[in-house]
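Data block below; observations after.
The values are calculated or read from the model by the stated rules, or taken from the named source; none is laboratory data. Predicted, not measured: the structure shown is a model, and the values here were computed from it. Note that we place each Cβ from the backbone using ideal geometry, even for glycine, and neighbour counts take in every protein chain shown. The accessibility values were calculated without ligands, DNA or RNA, using every heavy atom of the protein model including side chains. Shrake-Rupley method; radii C 1.70, N 1.55, O 1.52, S 1.80 Å.
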Amino acid sequence: MIDRDSFNRVTQPDSGSRNAKPRTAVNLRFRELPRRFELLLALASLFAGLHLFPAAALAEPARLTVLFTSDLHSHLSPHREMASDGSIREAGGYGRLAGAIDEERAQAGGATLVVDAGDFTQGTLYHTVLVDEALELRLMGAMGYDAVAFGNHDFDFRPSGAAGMLRAARAKAAALPRMLISNLRFSESDSGDDALERAFRDYPVHGYTVVERGGVRIGIFALLGKDAAEDARFARPVAFSDPVEAARKTVQILREREKVDLIVCLSHSGTNPDSHHSEDEKLAALAPGIDLIVSGHTHTVLHSPIMVGRTAIVSAGSYGAWLGVLDLMVEKGRDVQVTGYRLRKIDASTPEEPEIARIIDGFRSIVEERYLAHFGYRFDQVLARQPFDGQSIEDAYANPGETGLGNLVTDAYRFAVERAEGGRRHIDVAVDVLGCIRSSLYRGDIRVSDVFQTASLGPVQYGYCGNTIVVVYLTGRDLKKLLEVQTSIAPSKKDALLSVSGIRFRHNPRRMIFDRVTSVEVEERDKRFRPVESERLYSVAINSYLASLIDLVGKKSHGILKVTPRDEAGNPVGDKDKARLTVMRNGEPLREWVALAEYLSSLPEKDGMATVPERYARPEGRIIAEASWNPVALVTGGNWLTIAATALFIAAVMVVLLLTRRIVAWRGHASSQKQ
């Protein structure tokens, strides 16, 4: 277990010096033995040291440096990000990351372990050839990763796609990382995951692994957390068992059967500023025995570890912008000590590993030939120019609310659908969630690669990957329920924060949960906003992934916000109807990223180039929060939940008043009797 006090000494590494045990008596005993037994004893001792006691070197403290990443999301090339001072800089890139790993290995002064906590795919154009090329795993093998976890997005191409990735990696790479997941369960009744089960055996993928570094016997296992499992919709029929139970069982095996000195969990679960919603903190508390949790999924940048008991939790953000460096001192029979912790920024100052950089350059032509050519685009093709820096995704999560980028994306939905259908119908509303907007757009030229990065999610459909646009119809009542996600569900699940087009609404976050939206207006064909009508059907453009999650609104609200998507005739629809709800053009589905590319290209020109209007630089009043404790504001227009809560409150007040009155009367009566 991690020594908590060692975190206070990270700037003064423990020398690890210990008083060596006297060896004189042992040497004398050797001299007293008959000569004919000396060779036999020496050989037996050597055999025991090499084979029976692999941790024998831990008679002396051993140094270990753990290098870690998570949520790389196919960011093979450097990307642009907003620094804390508002400036835009380049960050990440596998070439630079590889260079940093090499430098840290050389400087470690001891053994090293390189690990990743999952979601290594899905995020850039490079992942479009994942099934046939497995570029990410091949590069991670070349970079020397020891172990890699599966994240929810690593199943976005469904079980068959994940199986293809594993087969391609095994066929095309000389070195590969160990792939781990301990709480994945294959279906016994559905053959939809049979190919993946075979690929797991062939790769092979394990629940845990044991490696030795510098005499330290290290047990490593991986988990997919509850929130991540819920997001892994495309993994079906693959299922995921309770991560805490899986961790407890694996820790027991590693301690009792494998006799490890150190246990590392690669957990694609994540942390949260609110510890009640912080899965990895709960994991550390409920599954004692884990020394180190490398946390992924929430893209958290932890500049100092979180300590839960004697378990350290570390996280290095996302997209390869940081490399985590954790220095440990491991000594048998004692708590593991942390002697150093830092996150190393991967930016333009980081030297590239030239061979990795050369390989990545060659991958671009593969992407253009096998994916982009189908849509008539090129990797670095300029679509528009933006005269301002948009809000960063990190800031959007930190400051929930309407975003200019979300307005741009949802406006693109409505524009592209109406264009694809030749104006056949008016699209009333478009909705997206922050979790589907993967990257920001900054000042300067906006290229095809930037646009894809912004809307990069989606499984293989109709032969190519990428979310498609579908149009469903919702009654005004259900539309209002859907908007409740912003204020009743998103506060605890921020990737559910909404962006909208063609609609504006107000909400009071102090009202009763699931009844906080106070007014909704929809933009009509004449561009005027009018109050929503409860029984009227409204056309809503959403991406295919979000369409598959609509049922979660009801589940997250315990059935209170059940939303029923319908077709144009008002008939309820489900997953089986997705094909006929998908927007098609010349036999090709309209993809989310293509919709954004077309909208950007259509914007008014300035100096001969389509230019993003300044109105997308900031919110424009589509989503307005009006926090108020005014009693009228708290109950006006309330649903049955608010009415019931109000009635209970009034009843409780009346009971308190009645009891107070009786107590006062009783005390008055008692006082009069005494007199």
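Which one of these is on the phi > 0 side of the Ramachandran plot, open to solvent by 20 Å² or more (accessible area, probe 1.4 Å) and not polar (S, T, N, Q): Arg158, Arg198?
Answer to the selection: Arg158.
From Val594, Val500, which residue is out of contact with any Cys (no Cβ under 6 Å at 6 or more places or on another chain), surrounded by 17 or more Cβ atoms within 10 Å (Cβ to Cβ), outside any helix (DSSP H, G or I) and at pLDDT 95 or above?
Val500
Which numbered condition in (1) within 25 Å of Arg342 (Cα to Cα); (2) open to solvent by less than 10 Å² (accessible area, probe 1.4 Å); (3) without any contact (Cβ under 8 Å) to a residue 60 or more places away in the chain is the only one that Ile101 fails?
(3)
Looking only at residues in region 415-451 that are among the charged types (D, E, K, R) and crowded, with 24+ Cβ neighbours inside 10 Å, which one is farthest from the chain's Cα centre (by Cα)?
Asp428
What is the one condition in (1) surrounded by fewer than 24 Cβ atoms within 10 Å (Cβ to Cβ); (2) closer than 18 Å to Leu266 by Cα; (3) of a type outside the set (Val, Ile, Thr) that Asp335 does not satisfy?
With respect to (1) surrounded by fewer than 24 Cβ atoms within 10 Å (Cβ to Cβ); (2) closer than 18 Å to Leu266 by Cα; (3) of a type outside the set (Val, Ile, Thr), Asp335 is out only on (2).
Of all residues in region 613-632 being assigned to a helix (DSSP H, G or I) and either at pLDDT below 90 or among the acidic types (Asp, Glu) (or both), which is nearest to Glu523 (Cα to Cα)?
Glu614
So, of the residues in region 70-97 that are at negative phi and touching a Gly at 6+ places or on another chain (Cβ under 6 Å), which turns out to be most open to solvent (accessible area, probe 1.4 Å)?
Residue satisfying both the conditions and the ranking: Pro78.
Considering Gly215, Gly207, Gly192, which residue is under 21 Å from the mean Cα position of the chain (by Cα), open to solvent by less than 60 Å² (accessible area, probe 1.4 Å) and not basic (Lys, Arg)?
Only one candidate passes the filter, namely Gly207.
Across region 503-519, what is the number of residues that are among the hydrophobic types (A, V, I, L, M, F, W, C) and assigned to a loop (DSSP other than H, G, I, E, B)?
Total satisfying the criteria: 3.
Only strands (runs of 3 or more DSSP E) wholly contained in region 121-217 count here; list those with 2 or more residues that are among the charged types (D, E, K, R).
208-213
Here's a check for you: in region 294-312, which residue that is polar (S, T, N, Q) and either open to solvent by 40 Å² or more (accessible area, probe 1.4 Å) or assigned to a strand (DSSP E or B) (or both) is farthest from Phe155 (Cα to Cα)?
Only one residue tops the list, namely Ser304.
Modelled with pLDDT of 85 or more and either farther than 29 Å from Glu402 by Cα or in a helix (DSSP H, G or I) (or both): does that describe Leu648?
Spelling it out, it is not the case that Leu648 is modelled with pLDDT of 85 or more and either farther than 29 Å from Glu402 by Cα or in a helix (DSSP H, G or I) (or both).
Under 7 Å by Cβ, and 6 or more places apart or on different chains, what pairs join a residue from region 388-408 that is over 22 Å from Glu592 (Cβ atoms) with one that is part of a helix (DSSP H, G or I) and at pLDDT 95 or above?
The qualifying pairs are Phe388/Glu614; Phe388/Ala617.
With the requirement that a residue be within 27 Å of the chain's Cα centre (by Cα), closer than 24 Å to Leu405 by Cβ and part of a loop (DSSP other than H, G, I, E, B), what does region 350-379 give you?
Once the filter is applied, which keeps residues that are within 27 Å of the chain's Cα centre (by Cα), closer than 24 Å to Leu405 by Cβ and part of a loop (DSSP other than H, G, I, E, B), region 350-379 yields only Phe379.
Scan region 537-555 residue by residue and report those that are surrounded by fewer than 20 Cβ atoms within 10 Å (Cβ to Cβ) and small (Gly, Ala, Ser).
Ser539, Ser548, Gly554
Looking at region 73-94, I want the residues that are farther than 19 Å from His127 by Cβ and have a partner that is of a type in the set (Phe, Trp, Tyr) and in a loop (DSSP other than H, G, I, E, B) with Cβ atoms under 7 Å, at least 6 apart or on another chain. Which pairs are those?
Ile88/Tyr442
Looking for whichever is without any contact (Cβ under 8 Å) to a residue 12 or more places away in the chain and within 28 Å of Ala579 (Cα to Cα) here; the options are Lys481, Lys555. Which one fits?
Answer to the selection: Lys555.
Can you tell me how many residues within region 476-497 are at pLDDT 95 or above and assigned to a loop (DSSP other than H, G, I, E, B)?
Looking only at that region, the number is 1.
Kindly indicate whether any position in region 279-287 is farther than 17 Å from Glu81 by Cβ, part of a loop (DSSP other than H, G, I, E, B) and within 27 Å of the chain's Cα centre (by Cα).
Scanning region 279-287, I find at least one residue that is farther than 17 Å from Glu81 by Cβ, part of a loop (DSSP other than H, G, I, E, B) and within 27 Å of the chain's Cα centre (by Cα), so the answer is yes.
What tally of residues in region 452-469 results from selecting those that are touching a Pro at 6+ places or on another chain (Cβ under 9 Å) and open to solvent by less than 10 Å² (accessible area, probe 1.4 Å)?
Result for region 452-469: 5.
Just give me the residues in region 383-408 being among the charged types (D, E, K, R) and surrounded by fewer than 17 Cβ atoms within 10 Å (Cβ to Cβ), in sequence order.
Once the filter is applied, which keeps residues that are among the charged types (D, E, K, R) and surrounded by fewer than 17 Cβ atoms within 10 Å (Cβ to Cβ), region 383-408 yields Glu394, Asp395.
Just to be sure before I move on: is Tyr371 open to solvent by less than 20 Å² (accessible area, probe 1.4 Å), among the aromatic types (Phe, Trp, Tyr) and within 25 Å of Tyr126 (Cα to Cα) in the structure I sent?
When the stated conditions are applied, Tyr371 passes them.
Could you check Gly587 against (1) within 28 Å of the chain's Cα centre (by Cα); (2) on the phi > 0 side of the Ramachandran plot; (3) without any contact (Cβ under 8 Å) to a residue 60 or more places away in the chain and say which number it fails?
Of (1) within 28 Å of the chain's Cα centre (by Cα); (2) on the phi > 0 side of the Ramachandran plot; (3) without any contact (Cβ under 8 Å) to a residue 60 or more places away in the chain, only one is false for Gly587: (1).
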